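Undergrad: Could you have a look at this structure, given as structure tokens, before my questions?
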Amino acid sequence: MKAVASIQEIKQAFYHYLEAYFTERNLEGTLKLLSPHMTGFGTALDERGDDIEASRLLYERDISQAPNRIEYTINFLECQQLGPGMGLVRAELDMHTQILNQELTLLNARMTALFCVDENGKWLLEHQHLSQPTNAHGETEAYPIKELEERAMVLERLVGERTQELQDAHDRLERLSITDVLTGIYNRTKGDEVLEQELSRSRRYRSPLSVILLDLDNFKKINDTLGHGTGDEVLRRVGGVLNQGVRDSDVAARWGGEEFLIVCPECELGAAVELAERLRLLLEGHSFGPGLVIQASFGVAQARPEDTRESLVDRADKALYRAKHHGRNRVEIA
């Protein structure tokens, strides 16, 4: 009977506390029910009472912010006798009040209250922990697994999008670094790189490799008489003619000024000469504008086993010089 009576006393102490604190919102009456050693946690971030003074300030603030009566319904209540003069209450409540003329309902608030008997035989609240369950995650999840999974999916998508953006930017920069801005074909840096690679492949597999070096005839006259804008447009169109006229395996690059290099893998000298002649005719027959005829001189060289990149281009350049010397608009062989 002693234990049963103690449980009943603990329950009555809890009801008394709820009446003063929730129903009456009586600060003085509530403070009288607190132990001198009162500690606790509330639902707000800073609601931690480490002693009676801190707890008193929290109660003052709570009641001043929400002074209206709090109606409550107890959904679950369990009392335990922990020892002589000490009892624990666990409860789950629905609470409803009005703050700033607005209705507020808190469902399934959880409260743990530790009561102790003082020297006068009065049950006082020693510790309280109040928490409000969140619906940010599933009912059966102790942690917000679903929310974290959704956040991870969003982060994964954002990282993927950002990675793609960075890859696209990298690709654009790479294209810019190897492309001649004016003509849209490869620049000299890329042409040099391709020629070095094809020379190595030619040596390794003993396959033929030829290069064609061409220079537009009398191009300075176009710039001087028609202006650099017209000259730039001519160079743009020349780049297009060369790109369309070469084989799929060939690589055309602007070598500098009005000079262009074509690297021709798996191509012997005779085939390279035929290609150069075809390009010469394409340029000569292309419509660059009223009364504007563009001609070019070509030098063709086939790689030898001892050739370096520089020596191969140098031989093609000497053949190009001979084409210029012999009247321009022609193809010469190194």
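Undergrad: Stretched out fully, how many nm does the piece from residue 86 to residue 105 gain, at 0.36 nm a residue minus the Cα gap?
TA: Extra length available between residue 86 and residue 105 comes to 3.6 nm.
Undergrad: For the chain, what is the calculated [θ] at 222 nm in deg cm²/dmol (nearest 500), taking -39500 (n - 2.57) for each run of four or more DSSP H residues and dividing by its residue count?
TA: -15000 deg cm²/dmol
Undergrad: Next up: Using only the alpha carbons, work out the radius of gyration and Dmax of the stretch 7-136 in angstrom.
TA: 14.2, 46
Undergrad: Could you pull out every Cys in the chain that lacks a partner Cys with its beta carbon under 4.7 Å away?
TA: 79, 116
Undergrad: To continue, here is another question. Based on the Cβ-Cβ distance of residue 225 and residue 149, what FRET efficiency does E = 1/(1 + (r/R0)^6) give at R0 = 41 Å, to the nearest 0.05?
TA: FRET efficiency, residue 225 to residue 149: 0.05.
Undergrad: Project the alpha carbons of the stretch 254-321 onto their principal axes and report the range along each, largest first, in whole Å.
TA: Taking max minus min along each principal axis of the Cα atoms, the stretch 254-321 gives 47, 24, 17 Å.
Undergrad: How big is the stretch 147-204 by the Kirkwood estimate over distinct Cα pairs, in Å?
TA: 14.4 Å
Undergrad: Taking the Cα atoms of the stretch 188-333, what is the range of coordinates along each of the three principal axes, in descending order and whole Å?
TA: Computed over the Cα atoms, the extents are 48, 29, 22 Å.
Throughout, read-outs are computed from the coordinates displayed, never taken from laboratory work. Model, not experiment: these values are computed from the prediction. Reconstructed Cβ throughout: ideal geometry from the backbone, glycine too, with neighbour counts over all protein chains shown.
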